[in-house]
Amino acid sequence: MTHYILALRNAWLRFDTEFGWSRSSHVALSMMLALFPFCIFSLSLAGMLSADLEIEALTEFVFGSWPDTIAGPVVREMEAVLGDSNLRTLTFGGLLATYFASNGVDAVRLAITSAYREEDPRPVWRTRSLCLIFVLGGSVIICVAGALSVAVPIYLQLVSGPNSSFLPGFVTNESLRTALSTGVLLFAVYAAHAWLPGIHRPARRLLPGILLTVLLWSIAGAAFGVYFRHFATYSVTYAGLSGIMGALVFLYLMSAIFIFGAEFNGQLMRQNSGDRSVDVPK
């Protein structure tokens with residue numbers, strides 16, 4: 001336990017002194033610019049592949065883990081665009097949307113590489129290609145997971161019947177969707193840590209930071225939702241842009257937690273190699 005406490009302490013010191021907040025700003029802004037293109041492309045693709053998938057169900061799956069007060073304005077704007085999406089949106093806008101979305105992935109790659117104290121040895125064309133693959137792969141995963149989040153509850157209801165005790169009482173449509181979205185989130189964080197850096201490591205060395213990230217995301221998301229509903233004054237400062245600014249601040253907080261989780265892994269790796277110090281400026 002002392003081993004992990006020391007790693008947490010040193011990770012925080014390095015995050016605070018090695019421009020962790022600035023790196024969080026970079027990731028948050030990049031993700032904000034990538035969010036709309038990625039979601040519009042992914043959900044348009046899902047709608048083109050299956051006309052039975054409802055836009056509302058898909059957006060609920062994608063933004064289900066966000067606080068309602070933050071996700072609401074974003075979802076409304078996205079549904080307005082997706083309601084008019086067609087093959088032209090998917091083809092002509094898809095290429096540009098994929099490129100912009102890959103910038104967000106590249107920002108995450110740079111943040112993890114810095115947290116792990118590495119230099120990426122790969123040429124630019126390889127790292128950019130990897131980011132594009134992440135975007136396309138993420139789109140496919142969202143399509144499949146979104147379809148399952150709708151189809152699995154319907155199938156289980158058909159199997160169990162209206163008066164059957166086939167399913168436990170706590171297994172509801174909402175709990176199934178939450179479990180599926182949590183699984184997708186864990187896989188996404190693992191994929192970022194495992195495949196984006198230039199040096200690959202076994203899963204057991206990545207797991208502590210991944211679990212810490214998802215745990216802190218859950219706590220911070222709930223706390224930020226309460227803050228935004230009862231204490232935030234973005235509407236006074238930013239008027240009609242309050243929803244977007246709230247989403248940007250939320251992404252900034254999530255980015256800071258993600259980078260801190262990567263710093264935690266980086267510090268654990270240093271300690272496991274026998275170096276128990278923290279490499280911060282003197």
| Cut-off 11 Å, label 7 Å out along Cα→Cβ of Asn272, residues of the range 185-222 by amide N | 201-209
| Quick one: if the Förster radius is 30 Å, what FRET efficiency do Arg9 and Leu185 give, using the C-beta to C-beta distance and rounding to 0.05? | 0.65
| query | For Thr17 and Val144, what does the FRET efficiency come to when R0 = 41 Å and r is the distance between their Cβ atoms, rounded to the nearest 0.05? | reply | 0.45
| Once label points are set 7 Å from the Cα along Cα→Cβ at both Ile133 and Tyr227, what is their separation, rounded to one decimal in nm? | 3.7 nm
| remark: Computed ³J(HN,Hα) along the range 202-210: with the Karplus parameters 6.51/-1.76/1.60, θ = phi - 60°, integer Hz and x for glycine or proline, the list is x, 4, 5, 7, 9, 4, x, x, 5
| query | What FRET efficiency do you get for Met245 and Arg204 if R0 is 35 Å and r is their Cβ-Cβ distance, rounded to the nearest 0.05? | reply | 0.30
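Every number here is computed from the coordinates shown, using simple stated rules; none is lab data. Quantities reported herein were computed from a predicted structural model and do not represent experimental measurements. With ideal geometry, Cβ positions are generated from the backbone for all residues, glycine too; neighbour counts draw on all protein chains shown.
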